[in-house]
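Please read the structure below before turning to the comments.
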Amino acid sequence: LRKGVECVVDVQPVRWEDIGGLEQVKMKIRQAVEWPLIHPGAYKRMGLPLARGVLLYGPPGCGKTTLVRAAATASRVTFLSLSGAQLYSPFVGDSEQLLTEAFQKARALAPSILFLDELDSIVGRRSEGSSSHSVQERVLSTLLNEMDGVGIRKDEKVDRLLEEDVQEGYCTNAVTDIKESEFRDNTRVLVVAATNRPDLVDEALLRPGRMDHLVYVPPPDTEARLQIFGVHTHKMPQRGVDLHQLASDMEGYTGADIENLCREAALCALTENLQAVSVGPDHFQQALRTVKPSLSKELEQLY
Ligand code: ATP
C-alpha cells in the first residue's frame with residue numbers, strides 16, 4: 001500500500017489471558033477467527049463453512065480491538081488494519097482505491113486478517129437522500145464486491161507495491177512457506193470489523209457470506225471487572241487494596257476505564273512520594289475522583 005497508510009501492522013502481542021472476563025466472547029472469537037485460520041482442514045472435515053467476515057460490536061472501551069489483536073497474535077497470520085480516519089484522510093487520495101489495495105495486499109499476504117476498525121465510519125448506512133456517488137457509497141460497494149470475492153486478480157502492481165513495502169520494512173509476514181496455490185486464496189482472508197454503532201452499519205454488509213458472525217462484546221460485570229483489575233494490577237505492588245469491593249462498586253466502568261484508574265492510582269502514589277513502593281486504597285479513592293465511568297444506561301440500551 002502507498003506510504004502514508006501503514007495498513008500492515010506489527011501486532012503488539014496480546015495474549016488471551018491479558019483480557020479479563022469475556023470468557024464466552026473469547027471462545028466465540030477463537031472459533032470464528034483463530035481456529036479457521038490455523039486449522040482450515042478441521043473445518044472442512046466437519047463440513048463447516050469458513051467465515052468471510054466477523055463483526056464485533058458493543059460499547060467503546062470494552063475490549064473489541066484488544067480481542068482482535070489477541071486473535072491475530074494467536075493465529076500468527078498477517079494483520080492489516082484500516083480505519084475510517086485512515087481511509088478518508090485528505091492526505092491519502094482515493095478511498096476506494098485504498099480499500100481495494102488493502103484487500104489485494106491481504107490476499108497476497110494470506111492467510112491474513114484485515115481489520116476494519118470503526119466500521120460505521122468506513123461504511124455508514126445509505127441514507128435516502130444521499131447521492132449514489134458519495135464516497136461512502138462507493139467505498140461500501142467496493143467493500144461488498146471485495147467480500148464477495150469479485151475483483152480477485154493477480155496483478156503486477158500489487159507485487160511491486162508489496163516488494164517495495166517489504167524492502168522498506170512496512171510489512172512482515174509471519175507465514176513464510178505459503179504455496180502459490182494458497183497465495184491467492186480468497187477464503188483465507190478474514191475480514192474482522194468492529195463498531196460501537198451497529199445500527200449505523202449498512203445492512204448489505206450483514207448478509208450471509210459477508211459478515212457471517214456477529215459477536216457482541218458486552219460491558220464487564222463485577223466478576224469481569226475484578227479480572228480486568230487482575231490484568232492491570234498484575235505488576236503493581238499494592239497494600240491493603242480491596243479489589244473485590246472496588247470491582248463491585250464500579251458499575252458503568254469499562255475495561256479502558258479500569259486500566260486508566262489503575263494507572264492514575266499508581267501516579268497518585270508517586271505524586272505523593274516518588275520513593276513509594278506500593279499503591280494503597282487511598283490512591284485508588286483519589287483516582288476515582290477523576291476517572292469516571294464511561295457507560296450509562298442510555299448507552300447500554302443502544303445494544
Ligand atoms: P473502541 O470501540 O473505543 O475502539 P474497544 O472496545 O475496541 O474500544 P479496546 O481498544 O480493546 O476497546 O480497549 C481499550 C483499552 O482498555 C485497551 O488498552 C485494553 O487494555 C483495555 N481493556 C478493555 N477491555 C479489557 C479487558 N476485558 N481486559 C483487559 N483490558 C481491557
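Principal axis extents of the C-alpha atoms in segment 189-303 (largest first, rounded to whole Å): 57, 33, 23.
The trypsin sites (Lys or Arg not before Pro) of segment 42-111 that meet both conditions, a loop assignment by DSSP and at most 15 other Cβ atoms within 10 Å of the site Cβ, are 76. One chain, two ends: residue 277 and residue 199. Fully extended at 0.36 nm per residue, the span grows by 23.3 nm beyond their Cα-Cα distance.
Over segment 59-109, accessible surface divided per residue gives 30 Å², non-protein components excluded, 1.4 Å probe. Maximal additional length on extending the residue 297-residue 134 stretch stands at 55.2 nm, based on 0.36 nm per residue less the C-alpha distance.
Accessible area per residue for segment 255-300, computed on protein heavy atoms with a 1.4 Å probe, is 59 Å².
The values are calculated or read from the model by the stated rules, or taken from the named source; none is laboratory data. Only a predicted model underlies this, so the values are computations on that prediction, with no experimental measurement involved. Here Cβ is always computed from backbone atoms with ideal geometry, including for glycine, and neighbour counts include all displayed protein chains. The accessibility values were calculated without ligands, DNA or RNA, using every heavy atom of the protein model including side chains. Shrake-Rupley method; radii C 1.70, N 1.55, O 1.52, S 1.80 Å.
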